[in-house]
Amino acid sequence: MSTVPKRFEILVVPAHVEDRGGASVKDTAVRAAVVEATGERGNSGYPRYAGHGIVADIDPETRTVEAILLDGNELDYGLTALALDSTDG
């Protein structure tokens, strides 16, 4: 059985960017935050993470964001959320 990571870094980025002009995905994020495991499972069935106004259900094996709320709202059309391993402690 795999362990559930304690935290992830969430990046909210434009969904359809063809040329970042050499910038990294992190540099083009419109929002970024470290979220921590809440110990709960979301409606999607995946572990729930929260922090800095973001609540997300993340598949810990594929790092797929299955559900997300930003400040209580759904993600705006044209944006996508990515979950990265957190480099924060």
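Data overview
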| quantity | calculated |
| --- | --- |
| Assigned charges on the beta-carbon of Lys, Arg, Asp, Glu; the stretch 2-89 dipole about Cα centre (debye) | 180 debye |
| Under the Karplus curve 6.51 cos²θ - 1.76 cosθ + 1.60, θ = phi - 60°, whole-Hz ³J(HN,Hα) for the stretch 49-60, x wherever Gly or Pro sits | 10, 8, x, 6, x, 10, 10, 9, 9, 10, 6, x |
| Mean Cα-pair separation over length for the stretch 7-85, i.e. relative contact order, pairs under 8 Å, 6 or more apart, % | 32 percent |
| Nonlocal amide H pairs with Ala67, under 5 Å, H built at 1.01 Å | Asp57 |
| Given [x] 1.07; [y] 1.78; [z] 0.94, the label whose value is Cα Rg over 2.2 N^0.38 Å derived from this model | [x] |
| Hz values of 3J(HN,Hα) by residue in the stretch 30-39 - Karplus curve (6.51, -1.76, 1.60), Gly and Pro given as x | 8, 7, 9, 7, 8, 10, 10, 4, 9, x |
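Coordinate-derived values only; no laboratory data. As the structure is a prediction and not an experimental result, all values here were calculated from the model. Neighbour counts run over all protein chains shown; Cβ positions are idealised from the backbone, glycine included.
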